[in-house]
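The values are calculated or read from the model by the stated rules, or taken from the named source; none is laboratory data. The shown structure was predicted, so the numbers you read here are calculated from the model rather than taken from an experiment. Here the Cβ positions follow ideal geometry from the backbone for every residue, glycine too, while neighbour counts run over all protein chains shown. Ligands, DNA and RNA are stripped out before the accessible areas are found, and what is left, the full protein with its side chains, is counted by its heavy atoms. Shrake-Rupley method; radii C 1.70, N 1.55, O 1.52, S 1.80 Å.
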There are 2 protein chains.
Amino acid sequence: MREVAVIGVGMTKFGVSDKTNIELFSQAALEAIGEAGLEPGDMEALFFGNCLGDFEEGQLHMAPFAAAAIGMPTTAPATRFEAACATATVAMRHAVLLVAAGVYDVALVGGAERCLRMGTDLATRAFAMASDAYYEGPTGVTFPAVFAMATHMYAAKHGVELSELKRCMAEVSVKNHRHGALNPLAQFQKEIDLDKVLKGPMIADPLQLFDCCPFSDGATACVVVAAERAKAAPKQPIWVAGMGQASAGPLYAQGDLTRVRAREAAVAASYKQAGLTAADIDVVELHDCFTIAEILALEALGFYEFGQGYAAAAKGETTFGGKVVVNPSGGLKAKGHPIGATGTGQVYEIVKQLRGECGPRQVAGAKVGMVDTLGGDLGTVCNLILRS
Amino acid sequence: MREVAVIGVGMTKFGVSDKTNIELFSQAALEAIGEAGLEPGDMEALFFGNCLGDFEEGQLHMAPFAAAAIGMPTTAPATRFEAACATATVAMRHAVLLVAAGVYDVALVGGAERCLRMGTDLATRAFAMASDAYYEGPTGVTFPAVFAMATHMYAAKHGVELSELKRCMAEVSVKNHRHGALNPLAQFQKEIDLDKVLKGPMIADPLQLFDCCPFSDGATACVVVAAERAKAAPKQPIWVAGMGQASAGPLYAQGDLTRVRAREAAVAASYKQAGLTAADIDVVELHDCFTIAEILALEALGFYEFGQGYAAAAKGETTFGGKVVVNPSGGLKAKGHPIGATGTGQVYEIVKQLRGECGPRQVAGAKVGMVDTLGGDLGTVCNLILRS
């Protein structure tokens, strides 16, 4: 298998948009292709992520239209992937594998989502379709409820007072908002304080409003190429060192919600391929759909022992200058979470960090970064390790 | 790249079902895995096709649940593909590529669709979401209308009287129903005569009811393995000789609806990889969503010059003993068309044909077969060439 590099990335501002999915994607894709010093006609395939285009716009089968919109040729296969919130990361993994295998030399990957126009009531119901439709959805378990249960389980299992856990979770939110305030593409570029989080409206006990990431519109893209083609790239190539993807069944079959089995399998594969451990990671963009989710990820990714990661943000260990910088972009919490675009949005941030292009939110000396994306209620996890 | 074989196939009866997508898929998958002499735990990845699970069952993110339902391990990535009617063929191509590349030794591919429970009115609208949602859907162009326009264009372009073209199209329907009557898994196992087609209700002028394939529930699956693993297979391995996938933009950008540009690109790639031409193909399962669609495919796949394929069925050239046997399963027209499952359903038939297991519908001496699947209104085409 050949070495594979990312040589261009693009991203729209996340937030509320009046553009269509394909318009959003076109903006991100053309930015990525431009950074790569290439033309749309050079793209040999499109790996496209979108979750809910049918509900959002009445648009299924979006990949070939997205490819055509930016001027890709008919000979380039355009393929849609859907893995709930991990959609674009799964698309990315397949693109990298097929470039590594020699099927393509140059591939475009990306995703788009514009869920806000369907309204937050329908969006909540639509997102919940990523959990089991027969034994979970009908019970009223939407995603805030899943992670609320995980919070209670975490507190009970590890003997942490719920009030203390909630304070530490609130520190995750404060940290990610502080990071987001440094990111001109973030949905929320505003710092908040602990009091704001802890006095927020209750969403699903014990999760309050600022424990939850927003609904977002947005698109992201990147260009991946074989090593030979990376030499001519205008920007510093960022290399894919390891990848992993794993799957798990419905929540009722998982038992312990504080252990995301698919993540443990996916990250083990990533570290093995890269020949690295958590200690080697300088910066990580991980799946903080809820504040507790960042804590669960920190532990499963190996940065902390299980039960030991909850105070990481409170101790300042996951911000600039800490043990590992977590979600310098602001994360899903502050940067936003356009579900089908989130994965390559995380890639965007890590690539920019490893190039040293992040200005006030730059992680000093970052050489190795990780992407972690969780789909559904623990059903899919996909990880990437990137290096400069 | 390694040689890749199909060593097991499975398929539910197509038609109306009261099972869920995952129940249907489980039946097909376990049949395929059993034929392969393997266990679900041996499957290293799932490539899963489904188009409209969110509309059908409120179920997005179906792949990991499908994998878990049959007992696949967490370490096995389960990935959903969606490419309108070409969904499962696209999933198949990606599975074969990644087995060929050495990423997996054994992979499960399949698809499921159970569109009938949403009702035919909603199904018609939902299927139409595979065409462009901004410039086609709002004009009222559903798929019968697209192929009705293609019929008029074909008649005008090639100077064929519409009544003569319609008679020849009706012969396609009669032929595929005759084939379907020999297939115990077909939705319609009943012969019809020319009169029945030509006196059917008008759907979209000039397409009448029996020019159109039905809505169907069903699931299909196959097990693909690297050459080394094919040696121990209980059944004769069937080899993947060539593949192609291509994409095209919205209909308004395509111009000539009688030329499916994505098919021409995809099949050229397939023939090139296989080192074969149309003359080498003994049997083909192609995308007869409408009778005119079979004619368009016959030409683009190289069996006839453009403008010369319309009378193939009328002349008996596409049935048993003819030039090339087209849709011996009954095709989408009579076997049925559970959209996300159709592609691997076509693979099922070709594999059974090349093994010589098709009883009364066996194509005598078939050695090389082709799969052709069209997604949306000419947006995606994926082809496979299989050999014994």
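Structure notes:
- Filtering region A:126-147 to residues that are at pLDDT 90 or above and either within 17 Å of A:Thr87 (Cα to Cα) or within 22 Å of the chain's Cα centre (by Cα) (or both) leaves A:Ala126, A:Phe127, A:Ala128, A:Met129, A:Ala130, A:Ser131, A:Asp132, A:Phe143, A:Pro144, A:Ala145, A:Val146, A:Phe147.
- Against the numbered list (1) among the small types (Gly, Ala, Ser); (2) open to solvent by 10 Å² or more (accessible area, probe 1.4 Å); (3) more than 9 Å from chain B (Cβ to nearest Cβ), A:Ala32 comes up short only at (2).
- Top-ranked residue in region B:337-383 [being acidic (Asp, Glu) and assigned to a loop (DSSP other than H, G, I, E, B); ranked as least open to solvent (accessible area, probe 1.4 Å)]: B:Asp377
- Test: residue in region A:67-82 that is farther than 20 Å from A:Val6 by Cβ and more than 9 Å from chain B (Cβ to nearest Cβ): yes
- Taken over region A:278-318, the criterion of being under 26 Å from A:Val351 (Cβ atoms), in a loop (DSSP other than H, G, I, E, B) and either of a type in the set (A, V, I, L, M, F, W, C) or not assigned by TED's automatic domain parsing to the domain that holds A:Leu194 (or both) is satisfied by A:Ile281, A:Leu286, A:Cys289, A:Leu301, A:Phe303, A:Ala312, A:Ala313.
- All of (1) more than 8 Å from chain B (Cβ to nearest Cβ); (2) surrounded by fewer than 24 Cβ atoms within 10 Å (Cβ to Cβ) hold for A:Asn21 with one exception: (2).
- Check on A:Ala241, in a loop (DSSP other than H, G, I, E, B), in contact with a strand residue (DSSP E or B) (Cβ under 9 Å, 6 or more places away or on another chain) and touching a residue at least 40 places away in the same chain (Cβ under 8 Å): no
- Of all residues in region B:215-236, those being open to solvent by 10 Å² or more (accessible area, probe 1.4 Å) and either among the small types (Gly, Ala, Ser) or in contact with a Lys or Arg (Cβ under 7 Å, 6 or more places away or on another chain) (or both) number 5.
- Single match in A:Leu332, A:Leu298 (criterion: within 21 Å of A:Pro206 (Cβ to Cβ), free of Cβ contacts under 8 Å to residues at least 40 places away in the same chain, open to solvent by less than 10 Å² (accessible area, probe 1.4 Å) and not polar (S, T, N, Q)): A:Leu298
- Residue match in region A:206-214 (condition: part of a helix (DSSP H, G or I), of a type in the set (D, E, K, R) and surrounded by 20 or more Cβ atoms within 10 Å (Cβ to Cβ)): yes
- Conditions (1) crowded, with 24+ Cβ neighbours inside 10 Å; (2) within 7 Å of chain B (Cβ to nearest Cβ); (3) out of contact with any Lys or Arg (no Cβ under 8 Å at 6 or more places or on another chain): number failed by A:Leu46: (2)
- B:Thr120 vs. criteria more than 7 Å from chain A (Cβ to nearest Cβ), more than 22 Å from A:Ala83 (Cβ to Cβ), touching a residue at least 24 places away in the same chain (Cβ under 8 Å) and open to solvent by 10 Å² or more (accessible area, probe 1.4 Å): yes
- Residue match in region B:85-105 (condition: of a type in the set (Lys, Arg) and open to solvent by less than 10 Å² (accessible area, probe 1.4 Å)): no
- For region B:237-265, residues that are facing chain A (nearest Cβ under 8 Å) and crowded, with 24+ Cβ neighbours inside 10 Å total 5.
- Answer from B:Met62, B:Met129 - the residue that is open to solvent by 10 Å² or more (accessible area, probe 1.4 Å), within 30 Å of B:Leu251 (Cα to Cα) and touching a helix residue (DSSP H, G or I) at 6+ places or on another chain (Cβ under 6 Å): B:Met129
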